[in-house]
Each structure stands twice: as structure tokens, then as C-alpha cells.
Amino acid sequence: MKEDFYDILGISKGATAAEIKKAYRKKAIEHHPDKNPGDSSAEEKFKKAAEAYEILSDPNKKARYDQYGHQAFEGGGGGGFGGGRGGMNMDDIFSQFGDIFGGGGGGFGGFGGGGGRRTVKGSNLRVRLKLTLEEIANGVEKKIKVKRKKVASGTTYNTCTTCNGAGQVTRIQNTILGRMQTSAPCSTCGGSGQMIDKKPANADANGMISTEETVSIKIPAGVVDGMQLKVTGKGNDAPGNGIAGDLLVAIEELPHESLSREGDNLHYDLYVSYSDAALGSSKEIDTVTGKVRIKVDPGVQSGKILRLRSKGIPSINGYGTGDLLVHVNVWTPRTLTKEQKEFFEKMSEDEHFQPKPEREDKSFFEKVKDMFS
């Protein structure tokens, strides 16, 4: 049986994002190939920790894993490079999660099994994207302008002579415990394994220039405020033959004029007059897919909740669509004419105007309970 991701990282299901990241960093450093040269067992543990972090660091994948376990990703549905779903590639691990370890271009180097050249990843960029409730409900493709650094045209690189292109320098020291081998990023090339050969006058010391690029972002239906999406390769370029960083897109949900969101459900306050409540009426209300007309039955009571099935927000995890809950509020007039006052005074003793709640006229707390059942 496949090992539980939480057990691999040594955390509980209630761990925060920061705790998950900290646990992964600890495990990755402990089993890192640099510290365990030639140890296939350590390498396997390193891969398992990366696979666990790949799933648990992504809110959507984590939710699927918490509900269905490993079955949620059988057949390649998990993403990236998880072991058991096509095998692990060490270079992918370092390029994907290199910034977890800190450092300029992406932390530890990529090895692929035995100390090859370090893969440097450019820095990530972050933007905030504002979306309307309608865009969130239906999904949308947005085009935004992003300022990012790219390798300037005409820039060429040579292999670093200090590390011979490895991107790291290995030192062997004699200690009382024996010979100890340590590796560190090459200080000459910054770990890229490459040195500037030629560059245009408008490029910086690393051969980079600042550009503005229009990036297309596909937003799936059901995203929530604060969720972060990743556009791979649209961050800053890395010098030499490195890979570009990612563009991280934080979702910001704009307030709606008449609808409020609660998870995948939406709420709408419908105000009706005394006459509409007594006689019944037809009212037009807002939804995220346009206006619809609903029927208000005669004798409706204030606080009545009308449920419009599947008129809410689609689940980001594909578990269906929420409902639109219409809260009926009977509007009491604040001012009355003389004739209106006389009418209500006359009706105050009429049996039809006396409160006579029935079993279906539930209390407020019962309605709230039903609403979430």
C-alpha cells in the first residue's frame, strides 16, 4: 500500500501551508543527494517528500487527496511528476521546488542521479487578478500585461571555468570522523554553470532585459478569493540555459451588487410589499447567468427561503454546482396616509390579520439549520 503523504512529511491533516512547507524543507534537506551521495534509499525518500509536497501544497489537489486518498490521482491525474504516476525526475524536482530552499536562482541543484549540472530557475512573479462573481461562476480567460526579465537577444554564454559547468563546487575535508564531502553553489557563476560571453549594451550584468508581455490566463469556474493559480514559465528568465520562473496569480473576488457568496452557494435578499406577500406575485431577480423570474406564492411569510437548485457557483473540485438561496423579506411601510392607517386599524382585529404560524413556518434558527443540511 502506498505511504500516506502526511506520514511522509511527518505532519497532521490540520497542518497549515507554512507547516507543510517547513516539513518538506526539513525532509528534503535531510535526504538531499548532496548529503547522501550514492544512497539510493535517501534518494527515494527525497522523491517521496517531493511528491507529497506537490500534492499537499496545492489547495485543490490537497482537497481531492483528503477526500479520496491516492485514488484521486490514479491514471496520471495528480499532476507534475509524482512517483507511481510516471516516475520521478530529479531535475524537475529542483526546478519545481528549488525556491523552497532559499537562494538566488532556485536553491539546490538538479542532479538526475549523480551530480550533473545544476538547473537554475528564474524568479517567480506575482500578480493580483480581480474577478466579478459572474466571471468566477462561468470561468473566463484574461489577458494581462506582465513585466518580466528575459535573456536579451544576442547574449551568449560560455561554460564556467571554476565549476566546469556543474554549477556547484565540491570540497572534500579531512575530519576526525573521516573524509567529508560538501557541495555549494559556484560563487563565480552563481550556480548556473554559465558565464557571460557576449551581451548587448542594453542588457544587465546577467545578459537580461526588462520586457512587457501579454499573458493569457485561463481561470477555471469556481475559484475562490485568495486562491493562487500558477502559469508555468511566465516568470523571469534564468541566465544561461536555465528555465524561466512562474507567474503566480492571486484571485481577488469583487463584491456583487445584489448577490453574496458563501462557499458554492449564493444568497439574494428579495423584498416584497404587503400586497405582494398577501396576493402573491412574480419577481425578477439577479443570478450569475442573467436575470430569472420567480413566483412568490400568496401568503408568503417574511424569512421564507426559496432555493433555486444549481444556480450558484460550480465547485472548483468538480463536485457539482451550488444553489441560489432567495431570502424573502416582507417590507413594512414606514409612512402611511390617513386612509391607509384607517385600513390597517380596521384590519387589526380581523382574524385574517392575526398571526397563526403553522408547523411549516419554521423559526429562523430552524431555517438556517435546513439551509446548511
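The values are calculated or read from the model by the stated rules, or taken from the named source; none is laboratory data. These numbers were taken from a predicted model, which means no experiment stands behind them. We place every Cβ from the backbone using ideal geometry, glycine too, and count neighbours over all the protein chains shown. Surface accessibility is based on the protein's heavy atoms, side chains included, excluding ligands, DNA and RNA. Shrake-Rupley method; radii C 1.70, N 1.55, O 1.52, S 1.80 Å.
Number of residues in region 23-35 that are assigned to a helix (DSSP H, G or I) and either open to solvent by less than 70 Å² (accessible area, probe 1.4 Å) or modelled with pLDDT under 85 (or both) equals 5. Test Ile20 against the criterion of being at pLDDT 90 or above, out of contact with any Pro (no Cβ under 9 Å at 6 or more places or on another chain), closer than 17 Å to His70 by Cα and of a type outside the set (D, E, K, R), and give yes or no. For Ile20, the condition - at pLDDT 90 or above, out of contact with any Pro (no Cβ under 9 Å at 6 or more places or on another chain), closer than 17 Å to His70 by Cα and of a type outside the set (D, E, K, R) - is not met. Of the residues in region 345-354, not one is within 30 Å of Arg261 (Cβ to Cβ), open to solvent by 90 Å² or more (accessible area, probe 1.4 Å) and free of Cβ contacts under 8 Å to residues at least 60 places away in the same chain.
May I ask you to verify whether Ser310 is in a loop (DSSP other than H, G, I, E, B) and either at pLDDT below 95 or among the polar types (S, T, N, Q) (or both)?
When the stated conditions are applied, Ser310 passes them.
Residues in region 130-139 that are surrounded by fewer than 16 Cβ atoms within 10 Å (Cβ to Cβ) and charged (D, E, K, R): Lys130 alone. Screening Ser310, Ser315 for residues that are open to solvent by less than 40 Å² (accessible area, probe 1.4 Å) and within 30 Å of Ala72 (Cα to Cα) leaves exactly one candidate, Ser315.
Condition check: buried (at least 21 other Cβ atoms within 10 Å of the Cβ), hydroxyl-bearing (Ser, Thr, Tyr), at pLDDT 50 or above and part of a helix (DSSP H, G or I). Does Tyr6 satisfy that? Judged against the criteria, Tyr6 is not a match. Can you confirm whether region 66-82 contains a residue that is open to solvent by 40 Å² or more (accessible area, probe 1.4 Å), under 24 Å from the mean Cα position of the chain (by Cα) and at pLDDT 85 or above? Among the residues of region 66-82, at least one is open to solvent by 40 Å² or more (accessible area, probe 1.4 Å), under 24 Å from the mean Cα position of the chain (by Cα) and at pLDDT 85 or above, which makes the answer yes. When the residues of region 321-335 are filtered to those that are assigned to a loop (DSSP other than H, G, I, E, B) and surrounded by 12 or more Cβ atoms within 10 Å (Cβ to Cβ), the one that is farthest from the chain's Cα centre (by Cα) is Trp331.
Identify the residue in region 288-301 that is more than 18 Å from Val330 (Cβ to Cβ) and touching a strand residue (DSSP E or B) at 6+ places or on another chain (Cβ under 6 Å) and, among all such residues, is least open to solvent (accessible area, probe 1.4 Å).
Only one residue fits best here, namely Lys291.
Restricted to region 151-215, the set of strands (runs of 3 or more DSSP E) holding at least 1 residues that are within 17 Å of Ala244 (Cα to Cα) comprises 156-159, 194-198. From the list Gly226, Gly235, Gly240, the one residue that fits, being at positive phi and surrounded by 14 or more Cβ atoms within 10 Å (Cβ to Cβ), is Gly240.
Among the residues of region 255-281, those that are closer than 23 Å to His352 by Cβ, in a strand (DSSP E or B) and not hydrophobic (A, V, I, L, M, F, W, C) comprise Tyr271, Ser281. Might you let me know whether region 120-129 holds any residue that is crowded, with 19+ Cβ neighbours inside 10 Å and in a loop (DSSP other than H, G, I, E, B)? Among the residues of region 120-129, at least one is crowded, with 19+ Cβ neighbours inside 10 Å and in a loop (DSSP other than H, G, I, E, B), which makes the answer yes.
Remark: pairs (first residue in region 36-55, over 13 Å from Ala23 (Cβ atoms) and open to solvent by 70 Å² or more (accessible area, probe 1.4 Å); second residue at pLDDT below 85 and β-branched (Val, Ile, Thr); Cβ separation under 9 Å; 6+ apart in sequence or on different chains) are absent.
State whether the residues of region 218-233 include one that is modelled with pLDDT under 95, among the polar types (S, T, N, Q) and within 15 Å of Asn60 (Cβ to Cβ). Scanning region 218-233 turns up at least one residue that is modelled with pLDDT under 95, among the polar types (S, T, N, Q) and within 15 Å of Asn60 (Cβ to Cβ).
Residue-wise test of (1) out of contact with any Leu (no Cβ under 9 Å at 6 or more places or on another chain); (2) among the hydrophobic types (A, V, I, L, M, F, W, C).
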residue	(1), (2)
Leu248	no, yes
Glu253	no, no
Asp269	yes, no
Ser275	yes, no
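Residue pairs whose Cβ atoms lie under 8 Å apart, sitting 6 or more positions apart in sequence or on different chains, and linking a residue in region 225-249 that is within 30 Å of Thr132 (Cα to Cα) to a partner that is among the hydroxyl-bearing types (Ser, Thr, Tyr) and at pLDDT 90 or above, are Gly235/Ser123; Asn236/Ser123; Gly245/Ser123; Asp246/Thr232.
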